[in-house]
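A.B. asks: Dumping the structure here so I can ask a few things about it.
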Amino acid sequence: MLKNEIARLRELAREIREIAELPIQEHNRKLWTAVNDLHMIRPVIHVMDYPHYLIKYGDELTTTIEDEFLKKIELDL
């Protein structure tokens, strides 16, 4: 079972990497760098730490891992 859970975490990490490599992300990096350098091009918004029950859509945010330690990593991803 642990092998399947590790495979699940690797799949989630791969998806995050793919999103990070999208061309739009380079544009976002430039915007954030400008904000951090105090040369804001336009306002940017960082949305994070919403309770999962508020942004839950269907079963998208339902964890599939049983191990408590790995489940926390899955939630973070």
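A.B. asks: Angle check, please: helix 2-20 long axis (alpha carbons) against the longest principal axis of the chain (alpha carbons), in degrees 0 to 90, nearest 10.
C.D. replies: 20
A.B. asks: Once the mean 1/r over all distinct Cα pairs of the chain is inverted, what Kirkwood radius in angstroms do you read off?
C.D. replies: Evaluated over the chain, this radius sits at 15.0 Å.
A.B. asks: Okay, moving on. Per 0.36 nm of contour for each residue apart, how much would the distance between ASP37 and LEU70 grow if the chain were fully extended, relative to their Cα-Cα spacing?
C.D. replies: Here the answer is 8.2 nm.
A.B. asks: A further question follows. Only Cα pairs under 8 Å and at least 6 apart count here; give the relative contact order of the chain as a rounded whole percent.
C.D. replies: 36
A.B. asks: Heavy-atom accessible area of GLU60 with all protein chains present, probe 1.4 Å, nearest 10 Å²?
C.D. replies: Roughly 130 Å² of GLU60 is accessible to a 1.4 Å probe.
A.B. asks: Further question on the same structure: Considering only protein heavy atoms and a probe of 1.4 Å, how much of the accessible area of the chain is carbon and sulfur, as a whole percent?
C.D. replies: C and S atoms contribute 58 percent here.
A.B. asks: Follow-up. Whole-Hz Karplus ³J(HN,Hα) for the range 36-47, in order, using 6.51 cos²θ - 1.76 cosθ + 1.60 and θ = phi - 60°, x for Gly and Pro?
C.D. replies: 5, 8, 6, 10, 4, 7, 7, x, 10, 10, 10, 9
A.B. asks: Could you state the accessible area per residue of the chain in Å², with a 1.4 Å probe and every protein chain left in place?
C.D. replies: That works out to 89 Å² per residue.
A.B. asks: Shifting gears a bit: Of the lysine pairs in the chain, how many meet both conditions: Cα atoms under 18 Å apart, and a spacing of 8 or more in sequence or different chains?
C.D. replies: Value for the chain: 4.
The values are calculated or read from the model by the stated rules, or taken from the named source; none is laboratory data. Being a predicted model, the structure only gives us computed values, none of them experimental. For the accessible areas, the whole protein counts, side chains as well, though only heavy atoms, and no ligand, DNA or RNA atoms are used. Shrake-Rupley method; radii C 1.70, N 1.55, O 1.52, S 1.80 Å.
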